[in-house]
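Student: I'd like to ask some things about the structure below.
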Amino acid sequence: MEPTPDLKRLRYCARPMVFETGVPETPLSVAGTAFIVAFRNNLLVLTAKHVVGEWPTNKLRLIVSEAGDCVTFTDRWNIRVEDEEENGDQNDLVIFQADIANVSVAAREENHVINLTPPDNSDWYGTRNNALFFLFGYPKLATGVDYELSKVISSQYLLHGAYIGDSLSFGCYKLAVQNPLKLTSFDGLSGSPVFSLFTGSANAAQPTFCGIAIRGTASSGKVHILGSQTIFAALDETFVA
C-alpha cells in the first residue's frame, strides 16, 4: 500500500510515547504509540491504557519533531465501561489533555490533529466488509533512545488489511493485516490510530476513523481494535458539550 499525499499527512498525528525514567544513565524510555486529536475545543492525546499503565502523567510526553519538541500532559482520564472486566479490552483507553506550550510553531505545522468534533465520517461498521483498514505506529524493534546523540530514534510502520470479525469484548473488532516489511513483533503498535477506506465507491474515499489498536501479534497476522463508537462515547462523557 503506497501512501497518498493525504495519507502521508494523516500519519503525522501518531507519535511514539516517551517515558521519563528518573534514572540518570537512561533518563528516557520509549514504548507504544499515541495520537493527537481535537474534541470540543480540547487538544487531546489518546493511547491504549496498557501502554502507560500507572506511569505518572507528568513523566510522559510525545516527541513531535526531529528537534525534540515535546507535547506534555496536564490531565488524564482512564476509561471504565460498566459491566466490563477492569482489564478488559473495552477499558483499554486513556485520554490525556495535551500541552503544546513548548512546541515550536514549525513543529506544530509539521504535525497533524484528527478532528473528532463532530465525527462527521465515523460510520465505518456498515461498510466494513468492503473497506481497506490501516494503522500506523511505532514498533519497539524500530524505536529507542540514542543517548550519544541525545535523541529518540523512531520509525513509523503502516500495516493494512481487512475486517475479519467482532472481538470477544463488546465494541472491539479484529483485523487481518498484511506485514510486507516482515515485522517479527507488533509490540509498540498498541495505541496506533486505525482508519478505513471504503472501496465500494467510485468517488474518492476519505479515511474514516475506526478506533485504536489494543493488541495483536505478528505470528497470527491479527490486530484487535477498540472501536470508535466506544471512544466517542468516552469523549462525550468526559467533555460534556
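The values are calculated or read from the model by the stated rules, or taken from the named source; none is laboratory data. In this text, all values refer to a predicted model and were calculated from it rather than measured experimentally. Counting neighbours? That spans all protein chains shown, and the Cβs are built from the backbone with ideal geometry, glycine included. Surface areas here come from the heavy atoms of the whole protein model, side chains and all, with no ligands, DNA or RNA. Shrake-Rupley method; radii C 1.70, N 1.55, O 1.52, S 1.80 Å.
Student: Taking only Cα atoms and a 10 Å spring cutoff, compute GNM fluctuations for the chain and point out the largest among Gly144, Gly53, Gly32.
Tutor: Result: Gly53 has the largest fluctuation of those listed.
Student: Which of Lys8/Lys151; Lys59/Lys182; Lys49/Lys222; Lys151/Lys222; Lys59/Lys174 have a Cα-Cα distance over 26 Å? If you can, show how the numbers build up before the last one.
Tutor: Details: Lys8/Lys151 23 Å; Lys59/Lys182 33 Å; Lys49/Lys222 20 Å; Lys151/Lys222 32 Å; Lys59/Lys174 32 Å.
Over 26 Å Cα-Cα: Lys59/Lys182; Lys151/Lys222; Lys59/Lys174.
Student: Got a sec? What order do Asp166, Asp89 fall in by accessible area at 1.4 Å, biggest, i.e. largest, first? Present the calculation step by step, with values, prior to reporting the outcome.
Tutor: Working: Asp166 85, Asp89 25 Å².
The most accessible residue leads, giving Asp166, Asp89.
Student: Continuing with this model, one more query. To the nearest 0.05, how large is the calculated FRET efficiency for Asp166 and Ala233 if R₀ is 22 Å and r is the Cβ-Cβ distance?
Tutor: 0.80
Student: Enter the accessible area per residue of the chain (Å², integer; probe 1.4 Å; all protein chains in place). Display every interim value, and only then the final one.
Tutor: On the way: 12030 Å² over 241 residues.
Value returned for the chain: 50 Å² of accessible area per residue.
Student: Now, a different point. To the nearest 10 Å², what's Thr238's accessible area with a 1.4 Å probe?
Tutor: Approximately 40 Å² for this residue.
Student: Apply 1/(1 + (r/R0)^6) to the Cβ-Cβ distance of Glu20 and Leu141, taking R0 = 25 Å, and write down the FRET efficiency to the nearest 0.05.
Tutor: The computed FRET efficiency comes out at 0.65.
Student: Could you tell me what percent of the accessible area of the chain is made up of carbon and sulfur, with a 1.4 Å probe and every protein chain present?
Tutor: 49
Student: Specify the inter-centroid distance of segment 158-213 and segment 108-150, based on alpha-carbon positions, in whole Å.
Tutor: 10
Student: With labels modelled as points extended 7 Å from the Cα through the Cβ direction, what inter-label distance (nm, one decimal) is found for Thr57 paired with Asn179?
Tutor: Placing both labels 7 Å along Cα→Cβ, they lie 3.6 nm apart.
Student: Taking the 0 to 90 degree range and rounding to the nearest ten, how far is the long axis of helix 228-238 tilted relative to the main principal axis of the chain, both from C-alpha atoms?
Tutor: On a 0 to 90 degree scale, this one is about 60.
Student: Using the Karplus curve 6.51 cos²θ - 1.76 cosθ + 1.60 with θ = phi - 60°, what ³J(HN,Hα) values do you get for each residue of segment 168-181, in whole Hz, with x for Gly and Pro?
Tutor: Each residue's phi maps through the Karplus curve to give 5, 7, 4, x, 10, 9, 10, 10, 9, 10, 7, 10, x, 8 Hz.
Student: Need one number: nm distance between label points at Leu149 and Val113, each 7 Å from Cα along Cα→Cβ, rounded to one decimal.
Tutor: So the label points at Leu149 and Val113 sit 3.0 nm apart.
Student: In nanometres, what is the gap between the two model label sites at Ala101 and Asn41, each 7 Å from Cα along Cα-to-Cβ?
Tutor: A separation of 2.0 nm, rounded to one decimal place.
Student: Which listed residue (Leu159, Gly144, Phe73) has the Cα farthest towards the positive end of the charge dipole for the chain, taking +1 on Lys and Arg C-beta and -1 on Asp and Glu C-beta about the Cα centre?
Tutor: In the chain, that residue is Leu159.
Student: Still on this structure, I have one more. Using a ≥ b ≥ c from the Cα gyration tensor of the chain (square roots of the eigenvalues), is it rounded, prolate or oblate, where a/c under 1.5 gives rounded and otherwise the larger of a/b and b/c decides, a/b for prolate?
Tutor: rounded
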